[in-house]
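Heads up: the structure comes next, in structure tokens.
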Amino acid sequence: MLKEIIIKDLFNTYNYDLNMKDNNLTIITGPNGYGKTTILKIISGLSHFDISFLLSLSFSEIHYEFDNRDPISIIKKKDELIIYENNIELKKISKDNLKNTLREISKIPFIAPYDEGLWLDKRTNRIFNTEELLIFSDDYENLEKPFKINPFGNLHNIPIVYLIKEQRLIGTKRRRREYSYSRYREDFSSNNVENYAEDLKRTIFEILAEFSKKAQDLDSSYPRRLFDQTKTISKNSFEKRYEKVKETQSLLKKYGFQTITLDDKPTFKSENSRALRVYLNDIEKKQKIFANLSEKLETFTRIVEKRNFPNKTLEISQDHGFRFLTPSNKPISLSKLSSGEQQVMVLFYELIFKVEKYSLVLIDEPELSLHVAWQKRFLDDLIEIINLNKISVITATHSPQIINDKWDLTIDLEELIEKIS
């Protein structure tokens with residue numbers, strides 16, 4: 001994971017040496033114009049091979065230190081980037097190189113310029129930004145095949161970075177339009193709250209399909225496994241495990257996963273202990289399929305319900321993903337939620353459901369549209385998610401209410417800064 005980042009001559013004005021905090025949460029604060037958002041983009045830029053951004057940024061050197069790999073440095077000289085790993089030069093990339101590469105890309109029959117920094121694969125109607133396109137195969141016959149050598153050289157073990165941007169309520173949705181260079185254009189007006197409700201609906205559907213397959217496999221093989229079972233179970237172990245599966249089933253029922261019916265509790269008899277062992281093993285295997293999702297749903301629901309959205313009750317279901325109901329049980333359009341309510345839903349959904357384990361997550365201005373009371377709760381909820389998903393987070397904020405009592409986790413750019421004379 002990232003331990004330290006040193007940036008020299010940012011905007012031809014600032015030198016920064018930022019050491020990440022040890023508890024997987026670092027807060028960057030400071031006045032406008034000191035580069036908080038830019039620093040997040042610099043961190044994201046290495047993970048996502050964001051060549052265009054780094055070539056356009058004014059700086060002389062960026063140095064990344066990690067706890068699990070050799071350091072990486074990027075030196076900028078005029079319009080050229082020089083990439084070093086452990087002080088060994090790996091690659092040079094210039095604006096002219098980039099322009100020439102993009103010129104060659106534009107000659108490919110099924111690749112069309114789409115918008116500034118965006119490209120269209122006309123065969124699949126898929127939109128790529130420049131960086132994504134550059135890391136795909138050099139023959140472009142299969143855009144899912146990675147480059148043999150990525151744009152930054154043979155870098156490995158770079159942290160997975162997930163950037164949650166300031167403008168997070170607006171999603172992307174493709175649709176057809178007539179343009180001089182393409183019949184396709186991206187629609188930037190879709191609502192991310194609605195997108196994420198659909199995303200959760202799809203996730204639940206996939207989990208239920210996995211459960212059905214597992215249940216069918218277990219049920220069809222039950223007689224054989226029963227006869228083959230040689231181990232028994234003690235009465236004490238049976239009682240404990242049965243109570244646990246009852247608790248788990250109650251939680252699954254809360255979210256509409258009524259997939260396992262527990263009849264009256266079987267009476268424990270020593271002569272039936274082998275069968276009871278197989279019985280409990282099967283239930284636990286079926287329930288395990290929902291374990292990761294149910295834990296995330298519990299966290300998500302608890303965090304949202306703590307906000308006490310006025311006259312709204314959150315409902316999770318396989319039919320809707322998530323939605324809100326009025327006191328009279330009428331559904332509320334997600335697009336009708338307040339901007340603050342939508343920010344809560346989108347921000348915490350991304351953190352809980354979209355971010356991979358062990359990722360480095362960057363959050364820009366988490367305070368947007370949030371009431372002061374909600375801002376004060378934010379970091380406590382974030383720490384819970386950090387522990388749940390085993391992630392590290394760097395967040396940039398203006399808000400003392402977001403920081404609340406966590407000033408020991410902050411890096412203040414105004415205090416840190418060393419102005420270049």
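The values are calculated or read from the model by the stated rules, or taken from the named source; none is laboratory data. Keep in mind that what you see is a predicted model, and the values were worked out from it rather than measured. When we count neighbours, we look across all protein chains shown, and the Cβ atoms used for this are built from the backbone with ideal geometry, even at glycine.
At-a-glance table
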{"item": "Selected residue (only one of 353, 378 is touching an Asp or Glu at 6+ places or on another chain (Cβ under 9 Å), on the phi < 0 side of the Ramachandran plot and surrounded by 21 or more Cβ atoms within 10 Å (Cβ to Cβ))", "result": "378"}
{"item": "Scan of the stretch 301-321 for residues that are touching a residue at least 24 places away in the same chain (Cβ under 8 Å), touching a strand residue (DSSP E or B) at 6+ places or on another chain (Cβ under 8 Å) and not in a loop (DSSP other than H, G, I, E, B), ordered by number", "result": "304, 316, 317"}
{"item": "Residues of the stretch 258-285 classified as aromatic (Phe, Trp, Tyr) and under 12 Å from residue 232 (Cβ atoms), total", "result": "1"}
{"item": "Filter pass, residue 281 being in contact with a Pro (Cβ under 9 Å, 6 or more places away or on another chain), surrounded by 14 or more Cβ atoms within 10 Å (Cβ to Cβ) and not in a strand (DSSP E or B)", "result": "no"}
{"item": "Scope the stretch 317-336; condition among the aliphatic types (A, V, I, L, M) and surrounded by fewer than 19 Cβ atoms within 10 Å (Cβ to Cβ); matching residues", "result": "325, 332"}
{"item": "Restricting the stretch 94-114 to residues that are exposed (fewer than 15 other Cβ atoms within 10 Å of the Cβ) and of a type in the set (D, E, K, R), the residue that is modelled with the highest pLDDT", "result": "96"}
